[in-house]
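The block underneath contains the structure these notes are about, expressed in structure tokens.
A short reminder: the numbers here are calculations on the coordinates, not readings from a lab. Here the structure is a predicted model, which means the values were calculated and not measured. Cβ coordinates were reconstructed from backbone atoms using ideal geometry, including for glycine residues, and neighbour counts include every protein chain displayed.
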Amino acid sequence: MIVKISKVLPIIKKTRDKIEIVKFFKYYESGQKKEEGTFKDGKEDGLKTWWYENGQKMSESFYKDGVLDGLWTNWYKNRQKKLERTYKDGKLFNILGRWNKDGSVRKEPFIWE
């Protein structure tokens with residue numbers, strides 16, 4: 001499936017010395033928000049959120065100085081939590097939990113898809 005993005009909306013901060021993007025929004029062609037994130041000094045920093053085209057939250061992650069750092073959570077389209085893991089300095093640190101679409105805990109070994 002190919003998903004076309006029709007709009008990227010940056011929020012720009014202008015100071016005497018520079019112009020920088022501090023926040024951005026991406027949208028599906030339907031107008032539904034697809035992605036939102038923040039920047040600091042030109043790098044992703046803070047909360048980044050993605051949504052399915054139906055408006056349900058797909059995932060949330062945290063960045064520090066442009067790399068993953070902190071909790072990353074994914075959800076199924078039915079709002080059930082899918083996966084929680086943590087990152088430290090851009091590297092996977094720990095898998096906190098995995099769930100099936102019905103909300104039951106997944107017990108089989110984790111395989112990156």
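Under 5 Å between amide hydrogens, built in the peptide plane, is the criterion, and for residue 40 it picks out 45 among residues at least 5 positions away or on other chains. This ranking places 41, 17 by how few other beta-carbon atoms lie within 10 Å of each, fewest first, which gives 17, 41. Stretching the chain fully between residue 16 and residue 101 yields a gain of 25.5 nm (0.36 nm per residue, less the alpha carbon separation). Select from 77, 34, 91 the residue whose mean-square fluctuation is largest in a Gaussian network model of the chain (Cα-Cα springs shorter than 10 Å). Top of the fluctuation ranking is 91.
Taken one residue at a time, the phi angles of segment 46-56 give Karplus couplings (6.51, -1.76, 1.60, θ = phi - 60°) of x, 6, 10, 10, 10, 10, 6, 5, 7, x, 6 Hz. Gly and Pro are set to x.
Placing +1 on the Cβ of every Lys and Arg and -1 on the Cβ of every Asp and Glu, with no other charges, gives segment 61-103 a dipole of roughly 260 debye about its Cα centre.
Evaluated with a Cβ-only charge set (Lys, Arg +1; Asp, Glu -1), the chain carries a dipole of roughly 220 debye about its Cα centre, given to the nearest 20. Straight-line cross-link reach from residue 18 at under 20 Å between alpha-carbon atoms covers these aspartates and glutamates, not counting any fewer than eight positions away in the same chain: 41, 44, 45, 65.
Peptide packing: for 60-73, 92-105, the average count of neighbouring Cβ atoms within 10 Å per residue gives the ranking 60-73, 92-105, highest mean first. Projecting the Cα atoms of 62, 78, 93 onto the charge dipole of the chain (Cβ charges, centred on the Cα centre) puts 78 farthest toward the positive pole. Where (i) 16, 49, 30, 6, 0; (ii) 14, 35, 35, 14, 3, 0; (iii) 14, 47, 33, 7 are the candidate values, the label of the one calculated here for P(r) over Cα pairs in 10 Å bins from 0, in percent is (ii).
Share of antiparallel DSSP beta bridges in the chain, in percent to the nearest 5? Given both bridge residues lie in the chain, the antiparallel proportion sits at roughly 100 percent. Using the Cβ-Cβ distance between residue 93 and residue 29 with R0 set to 30 Å, the FRET efficiency from 1/(1 + (r/R0)^6) comes to roughly 0.25.
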